[in-house]
1. Give me the angle, in degrees from 0 to 90, between the Cα long axis of helix B:132-144 and the longest principal axis of the Cα atoms of chain B, rounded to the nearest 10.
2. How far, in nm to one decimal, is residue A:48 from itself in the other copies if the label point is set 7 angstrom along Cα toward Cβ? Shortest first, please.
3. Would you mind computing, in nm to one decimal, how far apart the modelled labels at residue A:161 and residue A:8 are, each placed 7 Å from Cα along Cα→Cβ?
4. Taking a point 7 Å out from Cα toward Cβ as the label site, list the nm distances between residue B:117 and the same residue in every other copy, smallest first.
5. Helix-only estimate, please: 222 nm mean residue ellipticity of chain B, summing -39500 (n - 2.57) across DSSP H runs of length 4 or more and dividing by its residues, to the nearest 500.
6. Tell me the angle of helix B:192-202 to the major Cα principal axis of chain B, expressed in degrees between 0 and 90 and rounded to the nearest ten.
7. Roughly how tilted is helix A:36-45, in degrees to the nearest 10 and between 0 and 90, from the longest Cα axis of chain A?
8. Under 8 Å for C-alpha pairs, at least 6 residues apart: give me the relative contact order for region A:83-187, rounded to a whole percent.
């Protein structure tokens, strides 16, 4: 216990990932990692601030939190930093109207965003929605823009499901980058701005969080 | 004519692309470029050797030549260097058994290749066959190999169809490269070996061809 106290000296909050920390098995729902429900409950009872920082971009924050609560986790929507709401802030700040290459499960996050006459493309982990037709449509939108802007919600290579490894958004980001000769802007981990926004929402500085 | 004679001094043969040289409009069949049928006929009547060098990998050489002949071009299957037959030679030489991520139209090129227990992946321009499921299956095959080998038939970014720009094999090659952390081996243009095999089939050295 002494060792932990030393390591936690000055720490006022913790940022937790969800997949691999609370859940195992990935995007087909997944199962709680043994002990994680109770561990989170203990963290919540401590003096530490707790926030969740995930790259989940296939389902909305609301659905993700609903699933976690159903599994017994003490978590609310406002405690989660995820790429889709962060992307909405970027879109609004920069006057961008996205063509969305995303799964139906996360589309609701963008319901207040103007998607008419797109001047950028937002790509998320879209799973089966990464059909040739859908990916090609996003490509065509980018190629028609004078200044093509591609915003990618994370840049993961793949993730693990019970059925096996699954290609993540990063692979399709790379496909579009290559075809268009551009570089995507990543919203989500590992972008420093993403961690910073999570810290800001906790009211902490980087050295105060673990 | 004098200028042409000078430029062609020492030249004994010509390598012609098909898309953009004989045909316009790409893979939905396309239309002959005005004057190209007659220009090819004149070339064939000249002293020059003629060979076709294409990165077409969505249809078999047989079907491609059938289409061109139907349009009036003087062309036969044996005159065409294309990536699928070149890849078959590579596979045989190296004892590779491919998992094929290709369109149904080109699958017949591989009918003499052993595809059981794959120890590599061959990717071609697959159009609509680039579904998430198919691309992910190729990814899973690669990830299960101790030494993942990815052979790509060309690495084009996109091509033009009458309906618009279409993503080519290179985009999906990049997706798999990134997801697996590997580098593909390209069979087809711009690989020097591909041009060399076309020259070898003409019996010419590089400086003798245009």
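The numbers here are math on the coordinates, done by the rules we state, and not lab data. Everything quoted here is computed from the prediction, not taken from an experiment. FYI the Cβ positions are ideal-geometry reconstructions off the backbone, even for glycines, and counts take in every protein chain you see.
1. Around 70 degrees separate the two axes.
2. 7.4
3. 3.7
4. Label point to label point, same position, other copies: 6.1 nm.
5. -11000 deg cm²/dmol
6. 50
7. With rounding to tens, the tilt is 70 degrees.
8. For region A:83-187, the relative contact order is 25 percent.
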